[in-house]
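These notes are about the structure you will find just below.
The values are calculated or read from the model by the stated rules, or taken from the named source; none is laboratory data. Values in this document were obtained by computation on a predicted structure and should not be read as measured data. Neighbour counts run over all protein chains shown; Cβ positions are idealised from the backbone, glycine included.
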Amino acid sequence: MSAAGAPSAAELLARARELVPLVKARAAATERERMVSREIMQAVRATSIFRSCRPARFGGFEHDPDLIYDITVTLATGCASTAWCVVVATVGDWMLGAFPLRAQQDVWEANPDALLCASFAPTARGVPCDGGFKVSGKWGFASGCDHAQWAMLGTVITAEGKPPEPAFLLVPATDYAMEDNWFTSGLSGTGSKNLLARDAFVPRHRIVTFAEMTSGDNPGSKVHDNPIFGIPFMAVFPGMLAATGVGAAKGAVEDFIAAVQVRETRGAVAGGLKRMADFATIQLRLAEASASAAAAELILRTDMREVAATVHGGAKPDIPNRLRYRRNQAFAAKLAVTAVEALNGATGGNGLFLDHPVQRAWRDANAVARHIGVNWDAVGTMYGQHALGLEPFGQY
């Protein structure tokens, strides 16, 4: 259930579609610049997409998270790097809604347009101090950090009388520095740089534990009436990341069709000057790619909507279903790779050029699938352990 007076999910998705020509035209430049331009981020901000799942009391629309999924797929057909940064920032608003109310006030009352980036791996340890923790360390893969005013940083904390546990710490951009290390073959335009902090003070009200996020029993869920803020984090977030790969695969299918319909073979002694569209191998590769992308899109959307229906019905997804969602998230990312592999292998010599859209989608979908949250080897074995009656090892 969305907030009163908010633009509908259909309207916000339509605004995302209107952005696709812009982000597609800028895709090659986004890669070269290794970050999404301020022009594009401002265009996204103007659509109010970032507020899709923000709490209503802070100007948000409180739509179900499957809207973020649909927006991500849509934008990724034009530029996966842009879609990745948009989904991270938009999910950041939803995640902040799970923090204590005072943390939300710190961010949005000071700047209603503030954006968040995140580095979730708990690569640092918080040192207890009066009123909170001091944290120093280096965090990687902080996508979109060039545009963020705050960061959620994974950190191991030890509260009094409790064992060490991972948590997300909310830190303002004034308390960390960026290290420009993002030189990559895939998702090159996300600007996913390192963040560095030294003795940054984080008050207790800007902390939420990983257990609170994965269970959905978090401080924000007790403040906001809409049950979307009590959705277990891992039931939906990895699927939103996988959506980037799915959208890239869909865009690659569209670009492949457009190219093949007008292309003839050339320079060959045998088979020259033949329409590419007439080759059975081209037809089969296109069929495999389009089916793989469509299957991945359907799997993820079905699960997203099931999660929303569950919480609106007054329940939370149980462990078996959360593990099923995790399996499907990773398998969808794998299907996206299957799709772009089928197409990229048929692009010929033209596909070697870095600005070829199918090759870019191939690199981006493979980069998505390497994220630990949707890595098939890691997540698939976790599901298999559960199915075989073993203790699943991983995040769910």
Can you pull out the helices (runs of 4 or more DSSP H) entirely within segment 1-107 that have at least 2 residues that are touching a Ser or Thr at 6+ places or on another chain (Cβ under 6 Å) and not aliphatic (A, V, I, L, M)? 9-25, 27-33, 80-96
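Kindly provide the set of residues from segment 297-321 that are among the charged types (D, E, K, R) and surrounded by 15 or more Cβ atoms within 10 Å (Cβ to Cβ), ordered by number.
297, 301, 303, 306, 316
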Within segment 199-245, work out how many residues are assigned to a loop (DSSP other than H, G, I, E, B) and under 16 Å from residue 64 (Cα atoms). 6
Looking at (1) crowded, with 24+ Cβ neighbours inside 10 Å; (2) touching a residue at least 60 places away in the same chain (Cβ under 8 Å), which is the one condition that is false for residue 118? (2)
So which of 180, 175 is more than 22 Å from the chain's Cα centre (by Cα), touching a residue at least 12 places away in the same chain (Cβ under 8 Å) and not assigned by TED's automatic domain parsing to the domain that holds residue 369? 175
Do you know which residues across segment 342-375 are within 24 Å of residue 327 (Cβ to Cβ), surrounded by fewer than 19 Cβ atoms within 10 Å (Cβ to Cβ) and of a type in the set (A, V, I, L, M, F, W, C)? 372
Which is in contact with a Phe, Trp or Tyr (Cβ under 6 Å, 6 or more places away or on another chain) and either among the β-branched types (Val, Ile, Thr) or without any contact (Cβ under 8 Å) to a residue 24 or more places away in the chain (or both), of 374, 337, 358? 358
Name, by its number, the condition in (1) among the charged types (D, E, K, R); (2) surrounded by 20 or more Cβ atoms within 10 Å (Cβ to Cβ); (3) farther than 26 Å from residue 189 by Cβ that does not hold for residue 288. (2)
Which condition number in (1) under 30 Å from residue 215 (Cα atoms); (2) part of a helix (DSSP H, G or I); (3) free of Cβ contacts under 8 Å to residues at least 24 places away in the same chain is the one that residue 110 fails? (2)
